[in-house]
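Inspection log for the structure reproduced underneath, given as structure tokens.
The values are calculated or read from the model by the stated rules, or taken from the named source; none is laboratory data. None of these values were measured; they are calculated from a predicted model. So basically every Cβ, Gly included, is an ideal-geometry build from the backbone, and we count neighbours across all protein chains shown. Just so you know, the surface numbers come from the protein's heavy atoms only, side chains and all, with ligands and any DNA or RNA stripped out. Shrake-Rupley method; radii C 1.70, N 1.55, O 1.52, S 1.80 Å.
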Amino acid sequence: MSGKKNTFERLALKEHIEMTKKARDMRLLHEELKHTELMKQQIDDALAQTPKKTAATTGNELKSGNWFVEKILEQRTTIQNKCDFLENEVTTAQEKLSAARLRHAKASDKASERHKEIMLEKENKREADLPKRNIIRNV
């Protein structure tokens with residue numbers, strides 16, 4: 001292929017770069033979502049392990065125990081919101097990635113078609129030039 005790339009080849013390369021960036025972003029989102037879900041599970045485990053005292057306790061013990069549970073519940077709510085947000089972001093990233101793949105495929109197809117057209121034009125030009133050379137040599 002010649003050193004000069006046609007417009008569609010450049011577009012295909014650009015779309016390929018965009019597609020790899022979107023794939024990397026989606027991979028990072030998946031990793032963050034997995035990490036967040038692990039934290040959520042750890043918070044749920046911590047919440048399940050909080051002691052449930054049925055014996056008589058003082059007011060300060062009830063207050064400190066309740067404060068601890070409230071803080072864990074706040075963290076769980078925050079983590080749940082983050083998980084929901086990341087799930088939405090992953091869905092959006094998947095849509096963007098599929099759109100980028102589609103654009104890349106279209107650009108690659110057009111580049112391939114254009115390359116075939118150029119090769120056909122060159123072949124036709126060569127064939128058109130051949131009879132002229134033969135006529136000139138015979139004269």
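Pairs meeting the criteria (first residue in the stretch 89-114 and farther than 20 Å from MET26 by Cβ, second residue acidic (Asp, Glu), beta carbons under 7 Å, at least 6 apart or on different chains) are ALA107/GLU15; ALA111/GLU9.
For the stretch 62-94, taking the residues that are charged (D, E, K, R) and exposed (fewer than 12 other Cβ atoms within 10 Å of the Cβ), the one that is nearest to the chain's Cα centre (by Cα) is identified as ASP84.
Screening ARG137 against (1) farther than 21 Å from LEU33 by Cα; (2) at pLDDT 80 or above leaves a single unmet condition, (2). Checked against (1) in contact with a Cys (Cβ under 7 Å, 6 or more places away or on another chain); (2) within 13 Å of LYS96 (Cα to Cα), GLU18 meets all criteria but (1). Per this entry, GLU37 is not counted among residues that are among the acidic types (Asp, Glu) and in contact (Cβ under 8 Å) with a residue 60 or more places away in the chain.
Of all residues in the stretch 1-28, those being in a helix (DSSP H, G or I) and either charged (D, E, K, R) or open to solvent by 40 Å² or more (accessible area, probe 1.4 Å) (or both) number 18.
For every residue, the table says whether it meets (1) of a type outside the set (Gly, Ala, Ser); (2) modelled with pLDDT of 85 or more; (3) within 30 Å of LYS122 (Cβ to Cβ).
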site	(1), (2), (3)
LYS4	yes, no, yes
ALA23	no, yes, no
ASP45	yes, yes, no
ASN88	yes, yes, no
LYS96	yes, yes, no
